[in-house]
1. Taking the conditions exactly as written (part of a loop (DSSP other than H, G, I, E, B), open to solvent by less than 30 Å² (accessible area, probe 1.4 Å) and modelled with pLDDT under 85), does Asp38 satisfy them or not?
2. List the residue pairs whose Cβ atoms are under 6 Å apart, where the first residue sits in segment 197-218 and is assigned to a loop (DSSP other than H, G, I, E, B), the second is open to solvent by 80 Å² or more (accessible area, probe 1.4 Å), and the two are 6 or more positions apart or on different chains.
3. Which helices (runs of 4 or more DSSP H) does segment 96-182 wholly contain that include 1 or more residues that are under 21 Å from Val244 (Cα atoms)?
4. Kindly provide the set of residues from segment 170-200 that are open to solvent by 70 Å² or more (accessible area, probe 1.4 Å) and farther than 20 Å from Val99 by Cα, ordered by number.
5. How about segment 107-133: which of its residues are on the phi > 0 side of the Ramachandran plot and open to solvent by less than 10 Å² (accessible area, probe 1.4 Å)?
6. Just one of (1) closer than 19 Å to Ala62 by Cβ; (2) open to solvent by less than 70 Å² (accessible area, probe 1.4 Å) trips up Val244, so point out which.
7. When you look at Gly136, is it in contact with a helix residue (DSSP H, G or I) (Cβ under 8 Å, 6 or more places away or on another chain), of a type in the set (Gly, Ala, Ser) and open to solvent by less than 30 Å² (accessible area, probe 1.4 Å), yes or no?
8. If you go through segment 201-225 one residue at a time, how many are open to solvent by 50 Å² or more (accessible area, probe 1.4 Å) and on the phi > 0 side of the Ramachandran plot?
Amino acid sequence: MTAYDEQPRVGFFTDTSVCIGCKACEVACKEWNGVPDDGFNLLGTSFDNTGELGANSWRHVAFVEQAPVDLGMPGLQRPGDASGEETRTDFRWLMSSDVCKHCTRAGCLDVCPTGALFRTEFGTVVVQQDICNGCGYCVSGCPYGVIERREGDGRAWKCTLCYDRLRDGLEPACAKACPTDSIQFGVLDELRERAAQRVEDLHARGVTSARLYGEDPDDGVGGDGAFFLLLDEPEVYGLPPDPVVPTRDAPAMWRYAGIAASALVGIAVSAFAGRRR
């Protein structure tokens, strides 16, 4: 029995329908883990000042501003039209705190040549900085584009799901700081049940767009350790609609490579034997 089998697998369920975009999770993550500030950079007119996950942004609160035309409501007047007045209430805000998914089939873990990435006893995936050699294979191995090498450092960095806190029986800093319980931490199976019930409740209240993302153990990554309730298509939030771990077909590729190599060896032996005759 491995250490992974001795503990129930834990993770995050992020309910974006109650996210208020306060960024408390981003701040708590940086403070607890010592993640450096990478500058304050407003992206155009958006309030999203981090833009995406990276070596210095282990939590990213996405701000998605949808105009009436994007929502299929052509009757609503868009800001700055004939009246010249800006009616911000005609927009819908979607907010979501994104994080490393701690995949069941983790591509980053598959391709790491040094063993710097490992699966913890809680089922999460962590980078050991004293072993990482900065090769960058994990960057291309992640189907979500989460991992990044830190500039000036060269090593790969990402969310650890506060592994040090878990070992002390504490919940991750981001979940602890979330004022609306948008980020929920717990045993993964229990979170999936809670999430399914939440979707049913929202559908009963007429929010038919509510859907789960990343909770399916049969998807292209074997299910995520951090999954989401969304109110629109995944692409709207910057998430891939059908993520697939890049190493999914690696066993078959190695098998075919072995067959091809054996065939080449056979041809070479036959040619050499023919020449000797």
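The values are calculated or read from the model by the stated rules, or taken from the named source; none is laboratory data. From a predicted model like this one, the values you see are computed outputs, not experimental measurements. Heads up, the Cβs are rebuilt from the backbone with ideal geometry, glycines too, and the neighbour counts pull from every protein chain shown. What goes into the accessible areas is simple: the full protein's heavy atoms, side chains included, and nothing from ligands, DNA or RNA. Shrake-Rupley method; radii C 1.70, N 1.55, O 1.52, S 1.80 Å.
1. no
2. No pair meets every condition.
3. Passing ranges, in order: 107-111, 137-141.
4. Glu193, Gln197, Glu200
5. Gly123
6. (1)
7. no
8. 1
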